[in-house]
Amino acid sequence: MWTWFYRLASPPYVYWVAAAATPWFLSLSVVAIGYGLIAGLVFAPPDYQQGDAFRIIYVHAPSAWLSMFAYTTMALAGGIALIWRIKIGHAVAAASAPIGASFTVAALVTGSLWGRPMWGTYWAWDPRLTSELILLFLYVGVMALRPAFEEPGRGDRAAALLSIVGVVNIPIIHYSVVWWNSLHQGATVARLGVPKMPGSMLWPLLSMLLGFMLFYGAVLCIRLRGEVLNRERQSAWVREAIKA
Amino acid sequence: MMSSGFWSMGGYARFVWPCVGFTGAVLAWNLWAARRHFAAARTRSARALAMAASDGA
Amino acid sequence: MHVSGPNGTGKTTLLRVVTGLLRPEQGVVTWRGKSIASTPTDYQNDLAYASHEPALKGDLTALENLRFMVGLRRRATSQELRAALDRTGAAGCADLPARVLSAGQRRRVAMARVLAVGAALWLLDEPYTNLDTVGCAMLSALLVEHAQKGGLALVVAHHELSVGAKMRHLAMQG
Amino acid sequence: MSVGAWSAFVLVLRRELCLSFRRPDQLIQPLMFFLIVTTLFPLGLSVQLSLLREMAPGVLWVAALLASLLSLDALFKSDAEDGTLEQLVLSGQGLYVIVLAKTLAHWLVSGAALVLVSPVVGTALAVPLSAFPTMMSSLGLGTLALSWLGAIGAGLTVGLKRGNVLISLIVLPLAMPLLIFGAGATDRAISGTSPVGALYLLAALCVLTCTLAPFAAAAALRITLE
């Protein structure tokens, strides 16, 4: 069973699988995002409280979800690489970080633009946005640590350890921010998000979530191939991969 | 084609459309940056291989 | 065992792999029939390592440095530690802060630590560096004595060793 | 023959304290930093006591976090430079115990010292006398927890030449819950409500970091030594 697993995680295998999977992920994500956008922006009814401003959720929520998913992926891949010494895990973690960080920025910008009509200001230290901001800082830390070492293997392992420490901390950070927010603001500020949705609003959202995940898969595959090439420059199989 | 009500988003147009635009830009940037990252890695590997070949010759 | 070879051939790397600080890319290091990665504590209790750096704190005296470093390994009295310093010719340094010692004196103090720990396996990285003629002779005598007691020593040095026929030799080339 | 974990702990702790007390200037520097930074705020804002009192918890806490973080950079650095760290790793003692002792020693000379001078700063920032116990206990728990977190950062950046900014970048986001609960407790004590809840949460975080962080820091040291 282990030999099978190691072959699955071998760089050439991963390289070819990623190459084959990219167009599938990409085309399916275009379909899902296309349906979600049209159904969400055109056909879904406006929210009874927020009007059409609630439609921002169709881009905000998938970005926020992806920012956390990419961080978890990064920590999991790093953990696997650290514990079982499967080097491909470091490549996955390194590929995942910039994608996750970019969607964290997207979630922050869209959340802030959503906040303007809801709160009357672009930034109200809403607990979810504050946690998102700290998540961005965590990404920055991991991304700054990896290239800081002269020897790449060491940077990979250090970044993996830091991302695991971060993943343990994320729930603590989130709950402390919620506690802090309730201490200072009370419940006067409307929370972003729509608690109960009818199907006509929910299905487009789920489709957008799926589409963003597929898009993440596609971009991860492309970046992963680059990371694998960078790490395996001496290997014999790279010669054939480059020619193809 | 489509009613002006759609584009005005019930008066929230100046919040909704920048959000959609920004997220679209992030998606596009990701695709572009990933492709560039891969292309750079490929050229680097090719150069390293070429150098190894010339050393062997 | 004497490992020699030109700079950059991996002598220090080999030594660090043998200490267990570095994991080997391939293969396993075993000690008394067990892999050192599986029983690191047992292995470390049998081992004394002296790297390029003498691992001394400048603000502590040579004796205090030894008392700490040896103290982590076994209970040692001040007499024992002073005896070890005396044996390596660093008795005069015992109560001086390590900061004022010369490089050769530090090397002698580091050697006294290896001696005082009382381990079976010595791993020494360029132990002859900075030592004068008397110091080199002292070190060679220590190695012979250690071998006679049944101890093992892995010495990395580009220097020729004059410790008799008991030494095996591994020359590394690039 | 061999030395138990507890005696090794005591040995490392005593050595670290002994080393710190032979360098008193390095003991005083973080304290002076703490005093100077907290002095900057009234100069930059206003000397209105009511405003200062409202700002006090945040100012105290941010200054304390930065002050203890500044000295944390050196936690493993000198040991790594002179080869002591390799000897510690190979000493046959668990690295966990050594990290625990070194970090505790660091807190005793930095965090605990900050707690002792905090009444002076508190008075200058118009913190009422009744809030002093909460302020001091929360600072004590918070800087202790920060020391454990900082040990991870120090372990990760120990091999780097310019790790000082990086360690702040790594540790500060992780330390935000400490700031929130610590400043929150002080804030409540100043306004006269019960700070017990926040203090308990802070203590829980302190216990949690104390048990988990030394493992992570030991793993970090192994990575950077390898």
**Fill in**
Here the residues within the stretch C:24-44 that are outside any loop (DSSP other than H, G, I, E, B), surrounded by fewer than 21 Cβ atoms within 10 Å (Cβ to Cβ) and either of a type outside the set (Phe, Trp, Tyr) or touching a strand residue (DSSP E or B) at 6+ places or on another chain (Cβ under 6 Å) (or both) are C:30, C:34, C:35, C:40, C:41, C:42
**Message:** Could you tell me how many of the residues in the stretch C:97-136 are closer than 19 Å to residue D:90 by Cβ and touching a strand residue (DSSP E or B) at 6+ places or on another chain (Cβ under 9 Å)?
**Reply:** 18
**Request:** Identify, by number, the condition in (1) over 30 Å from residue A:155 (Cβ atoms); (2) of a type in the set (S, T, N, Q); (3) assigned to a helix (DSSP H, G or I) that residue A:22 doesn't meet.
**Result:** (1)
**Asked** Within the group A:91, A:70, A:148, which residue is within 12 Å of chain D (Cβ to nearest Cβ) and over 30 Å from residue D:185 (Cα atoms)?
**Response** A:148
**Prompt:** Which members of the stretch D:117-138 meet the condition of being in a helix (DSSP H, G or I) and of a type outside the set (S, T, N, Q)?
**Reply:** D:117, D:119, D:120, D:121, D:122, D:124, D:129, D:131, D:132, D:133, D:135, D:136
**Fill in**
Within the stretch B:11-57, restricting to residues that are among the aromatic types (Phe, Trp, Tyr) and part of a helix (DSSP H, G or I), the one that is surrounded by the fewest Cβ atoms within 10 Å (Cβ to Cβ) is B:32
**Prompt:** List pairs: first in the stretch A:1-24 and closer than 21 Å to residue A:212 by Cβ, second among the basic types (Lys, Arg) and part of a helix (DSSP H, G or I), Cβ under 8 Å, 6+ apart or cross-chain?
**Reply:** A:18/A:225
**Request:** Residue by residue through the stretch B:1-10, note down the ones that are in a helix (DSSP H, G or I) and out of contact with any strand residue (DSSP E or B) (no Cβ under 7 Å at 6 or more places or on another chain).
**Result:** B:4, B:5, B:6, B:7, B:8, B:9
**Asked** Before we move on, is residue A:122 more than 26 Å from residue D:157 (Cα to Cα) and in a loop (DSSP other than H, G, I, E, B)?
**Response** yes
**Message:** Every residue in the stretch D:176-226 that is touching a Gly at 6+ places or on another chain (Cβ under 9 Å), more than 10 Å from every other protein chain (Cβ to nearest Cβ), within 30 Å of residue C:16 (Cα to Cα) and crowded, with 24+ Cβ neighbours inside 10 Å, please.
**Reply:** D:221
**Item:** Lone qualifier among D:3, D:12 - being within 14 Å of another protein chain (Cβ to nearest Cβ), in contact with a strand residue (DSSP E or B) (Cβ under 7 Å, 6 or more places away or on another chain) and surrounded by 18 or more Cβ atoms within 10 Å (Cβ to Cβ)
**Value:** D:3
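Yes/no per residue for (1) touching a helix residue (DSSP H, G or I) at 6+ places or on another chain (Cβ under 6 Å); (2) surrounded by 19 or more Cβ atoms within 10 Å (Cβ to Cβ); (3) within 14 Å of residue D:87 (Cα to Cα):
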{"site": "C:62", "(1), (2), (3)": "yes, yes, no"}
{"site": "C:66", "(1), (2), (3)": "yes, yes, yes"}
{"site": "C:70", "(1), (2), (3)": "yes, yes, yes"}
{"site": "C:86", "(1), (2), (3)": "no, no, no"}
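Only the coordinates and a few stated rules stand behind these numbers; no lab work does. Because the structure is a prediction, the values reported are computed rather than measured. Here the Cβ is made from the backbone with ideal geometry for all residues, glycine too, and neighbour counts use every protein chain on show.
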